[in-house]
Amino acid sequence: MKFDTAALLAALPHLAGGLLTTVHLVVAALLIGASIGLIACAGRLIGHGPLAWLAKGYVDMFRGLPETILIFWVYFCGPFVLDVRLSAFASGVLSLSLIAGAHLGEIFRAGVLAVPAGQRDAAKALGLALFPMLAFVIGPQAFRIMLPAFFSHLTILIKNSAIVSAVGVAELFYVGNTIANDNFKHFEVYTAIGLMYLAIILPLSVASKYLERGLAAGRPT
């Protein structure tokens, strides 16, 4: 088998455009998902009342839903419920954000609960109110604890972003698949796609493992 370098070079600008769309998709889903996750985390930590019940129901539902089903439901069924048709990109962002929010909410909650209870007791003994205690005592420690899991979920989100190609979002996989079906250079194009994903995901995986080792060793990372 001869590797067609010329075909790959011709495809690279288009693949780079698809990669940029993937980055935009992931960043948007991560920011929205993290915001939802913070609310879900707060509700789960409260433990009782309407917000707690809603947070638990939301987390249980969206952690159990397959990403593909949700993306198709939002794109094709959303107009019947919302009376407005979202674009393929907006549908992808919304779907990935809802699922990311459920997972990140649990990651944030685990980080907060992992902070030793003595830290909270000491902050209360010093007379700190709830917000300063969360911002200056609990938050920084929880942030460090949950970073490995956060990076791990980010890699999963990047992988799952390829699913939105099913509704026509011109992200990396969609663009590459279109090119491969046009020029029949599947080996070259799919190899390039895989390498592009690896170039993003591998550094995140290494960072996650480094942070996890540092956390286990009890040293600054």
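The values are calculated or read from the model by the stated rules, or taken from the named source; none is laboratory data. Values in this document were obtained by computation on a predicted structure and should not be read as measured data. Please note: Cβ atoms are built from the backbone with ideal geometry, for glycine as well, and neighbour counts cover all protein chains shown.
Worth a mention:
- Among (1) touching a residue at least 40 places away in the same chain (Cβ under 8 Å); (2) closer than 18 Å to T21 by Cα - the single one L147 does not satisfy: (2)
- Elements of type helices (runs of 4 or more DSSP H) in region 136-219, at least 3 residues being over 17 Å from the mean Cα position of the chain (by Cα) and within 26 Å of V74 (Cα to Cα): 172-183
- Of the residues contained in region 58-75, one or more are found to be closer than 29 Å to L172 by Cβ and of a type in the set (D, E, K, R).
- Filtered residues of region 11-44 (kept if farther than 14 Å from I193 by Cα, surrounded by 15 or more Cβ atoms within 10 Å (Cβ to Cβ) and among the small types (G, A, S)): A28, A29, G33, A34, G37, A40, A42, G43
- Meets criteria (under 17 Å from the mean Cα position of the chain (by Cα), at pLDDT 90 or above and within 16 Å of L154 (Cα to Cα)) for A100: yes
- Some residue of region 87-109 being exposed (fewer than 13 other Cβ atoms within 10 Å of the Cβ) and out of contact with any His (no Cβ under 8 Å at 6 or more places or on another chain): yes
- Residue that is surrounded by the most Cβ atoms within 10 Å (Cβ to Cβ) [pool: residues in region 119-147 that are among the small types (G, A, S) and either more than 15 Å from R109 (Cβ to Cβ) or at pLDDT below 80 (or both)]: A123
- V74 being at negative phi, in contact with a helix residue (DSSP H, G or I) (Cβ under 9 Å, 6 or more places away or on another chain), free of Cβ contacts under 8 Å to residues at least 24 places away in the same chain and buried (at least 19 other Cβ atoms within 10 Å of the Cβ): yes
- Scanning region 114-138 for residues that are touching a residue at least 12 places away in the same chain (Cβ under 8 Å) and within 26 Å of S152 (Cβ to Cβ) returns A114, V115, Q119, V137, I138.
- Selection from region 45-63 of residues that are loosely packed, with under 15 Cβ neighbours inside 10 Å and among the aromatic types (F, W, Y): W53
- Condition check for S208: modelled with pLDDT under 90, surrounded by 14 or more Cβ atoms within 10 Å (Cβ to Cβ) and hydroxyl-bearing (S, T, Y): yes
- Qualifying positions in region 179-200 - touching a Lys or Arg at 6+ places or on another chain (Cβ under 9 Å) and surrounded by fewer than 20 Cβ atoms within 10 Å (Cβ to Cβ): Y197
- Among the residues making up region 100-146, a single one is acidic (D, E) and either in contact with a helix residue (DSSP H, G or I) (Cβ under 7 Å, 6 or more places away or on another chain) or under 28 Å from V26 (Cα atoms) (or both): E106.
- Extreme residue, nearest to N160 (Cα to Cα), among residues of region 4-55 that are polar (S, T, N, Q) and within 18 Å of the chain's Cα centre (by Cα): T22
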